[in-house]
Amino acid sequence: MKKIAVLTSGGDSPGMNAAIRAVVRSAVFHDIEVIGVFQGYQGLVDGDFKRLNVRSVAKILGRGGTILKSARCEAFLTVEGRAKAYDNLQKNKIDGLVVIGGNGTFTGALKFYNEFKFPIIGLPGTIDNDLDGTDYTIGFDTATNNVVDAVDKIRDTADSHNRLFFVEVMGRHNGFIALSTGIATGAIAVMTPETGITVDGLVQVLAEGQKSNKTSSIVIVAEGNPSGGAYKLAQEVMQRTDEYDIRITVLGHLQRGGSPSCSDRVLASRLGVEAVESLLTGAVNGMVGVVNDSLVHTPFEKAITNKIDTLKDEVRIARILSI
Ligand code: F6P
């Protein structure tokens, strides 16, 4: 292993830069040359490469986003696109690849490995925390802190006006962000695929809250909630009762920005070093993560399976503490 490449793909997440820095510096430490690939898999298909050295990654540890840019690449979904990517890696004499991203990134990585047996290793970089084989993904901690900060502010105004707020958070297919932040902000209800609360169930929970003299209430809604997002839910509740003065906030992409937290920087740094050392030992075709504070390797195939069962405890806690 003399030369490796690194890219970030899918939705960006705070801490991706810390991971890039760790990959570059640990590679240089082990006498390996590093190439940065721009725009995720698109850069691999187009040959958008640039050599990185230890100074190229100076002062990025605390910066949100990704200096390598990110994209969701249509071309890499095709056999021809992946063949072009492989050619570019061969032409540039690259021996191994580190991909930092989430579900879609690892689905692409798995296909690529199966087709070309090219040594590839993944780092979990997504705010969604929905990858099996790691307790936390890089960016989840910062994103949930962003949400908590915003909801605490919403709570101030909600309480001043005795209002009910519906706050929508990210998480297309699951409620990791919603459940953690719902617990952390004292939400009256958390609407996610895992909690399975119906609109009628929600109306009942709200009525109970009113009976117990709640002055303001926050409902956290995961964008992937089966009975609808914040706007739809608010409308459904209004159709059933006029008891509440309702407002809606969709937090959107502010969740993904900002300086990464200490936890995300440390996680990204640990995983970045491990990724390079895994390429050196040949432990490839999988993701490196941290489980019970130990570094673990998980095949891509397993990493992309949903681990929603792990949310059972959060569902229960959120319900108990919302009374
Ligand atoms: O996968 C990360 C994520 O932020 C999801 O939570 C969200 O559904 C999606 O990306 C948004 O994607 P985009 O930035 O492409 O709109």
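What to note about this one:
- For E168, nonlocal amide neighbours, meaning residues 5 or more places apart or on other chains whose placed amide H falls under 5 Å from its own, are V221, T249, V250, L251.
- Pairwise FRET efficiency - F29 versus S294, Cβ, R0 = 25 Å, nearest 0.05: 0.70
- Dipole size of region 140-256 about its Cα centre, with +1 on Lys/Arg Cβ and -1 on Asp/Glu Cβ: approximately 80 debye, rounded to the nearest 20.
- The sum of -39500 (n - 2.57) across all DSSP H runs of n ≥ 4, divided by the residue count of the chain, sets its helix-only mean residue ellipticity at 222 nm to -13000 deg cm²/dmol.
- Taking the fewest neighbouring Cβ atoms within 10 Å as the starting point, the ordered list for S180, S263, S216 is S263, S216, S180.
- Q210/D156 FRET efficiency (R0 22 Å; Cβ-Cβ; nearest 0.05): 0.60
- Proxy reagent accessibility, fewest Cβ within 10 Å first, across F176, F112: F112, F176
- When the convex hull of its Cα atoms is viewed from all sides, region 140-256 shows a mean projected area of 6.2 nm².
- Inter-centroid distance (Cα atoms) of region 31-55 relative to region 100-157, Å: 21
- As a length-normalised measure over Cα pairs under 8 Å and 6 or more apart, the relative contact order of the chain settles at 24 percent.
- Violating pairs (Cα-Cα greater than 24 angstrom) within the set K3/K50; K69/K111; K153/K312: K153/K312
- Computed about the Cα centre, the dipole magnitude for region 213-274 is approximately 180 debye when only Lys and Arg (+1) and Asp and Glu (-1) carry charge, each at its Cβ.
- For the chain, a simple Cβ point-charge model (Lys and Arg +1, Asp and Glu -1, everything else neutral) yields a dipole of about 980 debye relative to the Cα centre.
- Residue exposure proxy: E168, E194, E301, E80, ordered by other Cβ atoms within 10 angstrom of their Cβ from fewest to most, comes out as E80, E301, E194, E168.
- Three-way shape label, region 1-105, alpha-carbon gyration tensor, a/c 1.5: oblate
- Across the chain, Cα-Cα pairs more than 26 Å apart make up 48 percent of the total.
No lab work stands behind these numbers, since they all come straight from the coordinates. Quick caveat: nothing in here was measured; it's all calculated off a predicted structure. Positions of Cβ are backbone-derived with ideal geometry, glycine not excepted, and every protein chain shown enters the neighbour counts.
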